[in-house]
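Undergrad: I am attaching a structure below and will ask some questions about it afterwards.
The values are calculated or read from the model by the stated rules, or taken from the named source; none is laboratory data. All values derive from a computational prediction rather than experimental measurement. Using ideal geometry, Cβ is built from the backbone for each residue, glycine included, and neighbour counts are taken over all protein chains shown. Surface accessibility is based on the protein's heavy atoms, side chains included, excluding ligands, DNA and RNA. Shrake-Rupley method; radii C 1.70, N 1.55, O 1.52, S 1.80 Å.
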Amino acid sequence: MAAKRYSTREMIEKLVSFDTTSRNSNLELIAFVEDYLSGHGIACRLIANEDDTKANLFATLGPADRAGGIVLSGHTDVVPVDDQEWTHDPFSIVEREGKLFGRGTSDMKSFIASALAHVPDFLARGPEIPVHFALSYDEEVGCLGVRPMIDSVIRTLPRPQIVIVGEPSSMKVVNAHKGIQSYVTTVTGLEFHSSQTHQGVSAIQYAAELIAFLMKLAEEMRERGDASGRFRPPYTTISVGTIKGGSAVNIIPGHCRFGWECRPLPDLDPEEIISRFNAHVAQEVLPRMRAVSPHANVETRMRARSPGLAADDGSPGETLVMKLAQCNSAEAVSYNTEAGLFQLADIPTVVCGPGSIDQAHKPDEFIELSQIAECDRFMARLAEHVGGA
Ligand SMILES: [Zn+2]
């Protein structure tokens with residue numbers, strides 16, 4: 001295949017045209033990127049999921065065996081548009097008032113598009129420092145896809161200097177973010193006629209108790225605060241997002257289920273909240289439930305867990321990205337990204353990408369053209385940095 005060139009704008013249009021909502025396959029997008037890169041003489045390595053419906057793509061420009069490379073990382077999936085009021089087709093780009101509208105424009109296909117569109121510029125400089133592309137699937141459903149790519153590729157790479165996760169940060173350099181832990185708790189009680197409260201075990205009542213306990217933990221976390229003073233809000237948060245239970249007001253409910261999450265500061269022991277919750281269940285709640293019904297139960301299942309990103313101030317990789325982004329200081333944010341997983345694999349990582357997180361996941365998602373231009377300048381400086389010419 002002949003080497004084809006795309007402007008960043010054309011590349012964004014192309015990437016957005018693939019409906020890579022997390023529940024769908026991303027293979028068409030991956031095949032397009034693979035074709036494009038092989039047209040430029042770059043070999044790709046695909047890391048597929050178990051049923052071969054999705055894949056990560058890893059590729060290296062320049063000397064692959066050299067340490068100190070720069071990893072450009074992005075997720076290819078997007079959140080659903082279901083039940084959202086879009087004023088046009090989310091999977092084709094519309095330009096209005098200096099903005100490009102479309103699903104994934106800010107979160108985060110524009111970063112990937114800018115990186116890909118600059119492939120000829122990276123190559124033209126005969127890179128002495130490798131530039132690695134790491135494109136993942138299933139980020140939006142718990143940072144799942146990137147894990148096998150980190151295990152099978154990133155860990156075996158000659159140690160890169162820095163991973164740049166291009167989530168929308170308005171091209172600011174983010175060196176710390178919170179983690180995410182998401183759970184579902186199912187309470188099983190004992191149904192009974194509501195006039196006989198002493199014989200039934202109300203799953204709803206015990207769920208309410210458990211939620212009250214979580215809120216007490218949340219209050220404690222708020223008081224504990226954040227020593228770094230960089231996060232907003234400046235503490236670990238806990239929230240309950242869904243609840244369902246009971247069938248009629250005159251039946252003591254046998255089932256209740258609630259979904260909750262914790263957004264821990266990066267320095268919080270990741271086991272603290274869940275182990276205190278489980279201990280409370282085992283010691284304070286279950287014995288009272290089982291005194292009435294031996295089959296009563298409380299079960300908590302983890303739905304997703306992704307670590308926070310802890311600041312590594314002044315690392316050479318971070319200093320380089322600050323220079324490329326022309327930023328004087330690094331920021332901390334409360335949303336979660338794949339960056340914490342790269343850091344867990346012992347590779348310095350920051351977040352820096354075009355667009356604002358405020359536009360992510362929303363109907364009529366957009367990116368400002370000025371943000372795209374800023375990202376393009378970032379890539380041009382990166383090409384200069386890695387160039388041997
Ligand atoms: Zn994202």
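Undergrad: For the range 299-321, which positions are charged (D, E, K, R) and open to solvent by 50 Å² or more (accessible area, probe 1.4 Å)? Steps first, please.
TA: Initial filter on the range 299-321 (charged (D, E, K, R)): 299, 301, 303, 305, 312-313, 318.
Selection gives Glu299, Arg301, Arg303, Arg305, Asp312, Asp313.
Undergrad: Might you let me know whether the range 279-298 holds any residue that is closer than 30 Å to Asn175 by Cβ and open to solvent by 70 Å² or more (accessible area, probe 1.4 Å)? Reasoning before the result, please.
TA: We begin by selecting, within the range 279-298, every residue closer than 30 Å to Asn175 by Cβ; these are none.
Scanning the range 279-298, I find no residue that is closer than 30 Å to Asn175 by Cβ and open to solvent by 70 Å² or more (accessible area, probe 1.4 Å), so the answer is no.
Undergrad: Do we find that Thr76 is open to solvent by less than 20 Å² (accessible area, probe 1.4 Å) and either free of Cβ contacts under 8 Å to residues at least 12 places away in the same chain or touching a helix residue (DSSP H, G or I) at 6+ places or on another chain (Cβ under 9 Å) (or both) in this structure? Even if it seems obvious, please write down each step before you answer.
TA: Working: open to solvent by less than 20 Å² (accessible area, probe 1.4 Å): yes; either free of Cβ contacts under 8 Å to residues at least 12 places away in the same chain or touching a helix residue (DSSP H, G or I) at 6+ places or on another chain (Cβ under 9 Å) (or both): yes.
Spelling it out, Thr76 is indeed open to solvent by less than 20 Å² (accessible area, probe 1.4 Å) and either free of Cβ contacts under 8 Å to residues at least 12 places away in the same chain or touching a helix residue (DSSP H, G or I) at 6+ places or on another chain (Cβ under 9 Å) (or both).
Undergrad: Kindly indicate whether Ile164 is within 16 Å of the ligand (Cβ to nearest atom), touching a helix residue (DSSP H, G or I) at 6+ places or on another chain (Cβ under 9 Å) and part of a strand (DSSP E or B).
TA: On the way: within 16 Å of the ligand (Cβ to nearest atom): yes; touching a helix residue (DSSP H, G or I) at 6+ places or on another chain (Cβ under 9 Å): yes; part of a strand (DSSP E or B): yes.
Taking the combined requirement at face value, the residue satisfies it.
Undergrad: Can you list residue pairs whose Cβ atoms sit under 7 Å apart, with the first residue in the range 110-125 being touching a residue at least 12 places away in the same chain (Cβ under 8 Å) and more than 15 Å from Ser73 (Cα to Cα) and the second being open to solvent by less than 10 Å² (accessible area, probe 1.4 Å) and not in a helix (DSSP H, G or I)? Count only pairs 6 or more apart in sequence or on different chains.
TA: That search, which allows pairs on different chains as well, returns Phe122/Leu61; Phe122/Val131; Leu123/Leu61.
Undergrad: Shifting gears a bit: Collect the residues in the range 343-381 that are more than 16 Å from the ligand (Cβ to nearest atom), in contact (Cβ under 8 Å) with a residue 12 or more places away in the chain and open to solvent by less than 50 Å² (accessible area, probe 1.4 Å), keeping them in residue-number order.
TA: The answer is Ala345, Ile347, Pro348, Asp364, Ile372, Asp376, Phe378, Met379, Ala380.
Undergrad: Need pairs with beta-carbon distance below 6 Å; first residue aromatic (Phe, Trp, Tyr) and within the range 317-341, second open to solvent by 30 Å² or more (accessible area, probe 1.4 Å); sequence gap 6+ or separate chains.
TA: Tyr335/Ile357
Undergrad: Filter the range 123-132 for residues that are surrounded by fewer than 23 Cβ atoms within 10 Å (Cβ to Cβ) and of a type outside the set (Val, Ile, Thr) and give the result. Walk me through it before giving the result.
TA: Here is the first cut: in the range 123-132, the residues surrounded by fewer than 23 Cβ atoms within 10 Å (Cβ to Cβ) are 123-126, 128-129, 132.
Correct list: Leu123, Ala124, Arg125, Gly126, Glu128, His132.
Undergrad: Among the residues of the range 151-158, are any charged (D, E, K, R), over 25 Å from Asn49 (Cβ atoms), open to solvent by 10 Å² or more (accessible area, probe 1.4 Å) and not in a loop (DSSP other than H, G, I, E, B)?
TA: Just the residues of the range 151-158 that are charged (D, E, K, R), to begin with: 151, 155.
Now restrict to residues that are over 25 Å from Asn49 (Cβ atoms): none.
For the range 151-158, residues charged (D, E, K, R), over 25 Å from Asn49 (Cβ atoms), open to solvent by 10 Å² or more (accessible area, probe 1.4 Å) and not in a loop (DSSP other than H, G, I, E, B): absent.
Undergrad: Quick one: is Ile47 in contact with a strand residue (DSSP E or B) (Cβ under 8 Å, 6 or more places away or on another chain), among the aliphatic types (A, V, I, L, M) and in a loop (DSSP other than H, G, I, E, B)?
TA: no
Undergrad: Quick check on the range 62-73. Is at least one of its residues under 19 Å from Ser17 (Cβ atoms), in contact with a strand residue (DSSP E or B) (Cβ under 8 Å, 6 or more places away or on another chain) and either in contact (Cβ under 8 Å) with a residue 40 or more places away in the chain or buried (at least 16 other Cβ atoms within 10 Å of the Cβ) (or both)?
TA: At the first step, the residues of the range 62-73 found to be under 19 Å from Ser17 (Cβ atoms) are none.
For the range 62-73, residues under 19 Å from Ser17 (Cβ atoms), in contact with a strand residue (DSSP E or B) (Cβ under 8 Å, 6 or more places away or on another chain) and either in contact (Cβ under 8 Å) with a residue 40 or more places away in the chain or buried (at least 16 other Cβ atoms within 10 Å of the Cβ) (or both): absent.
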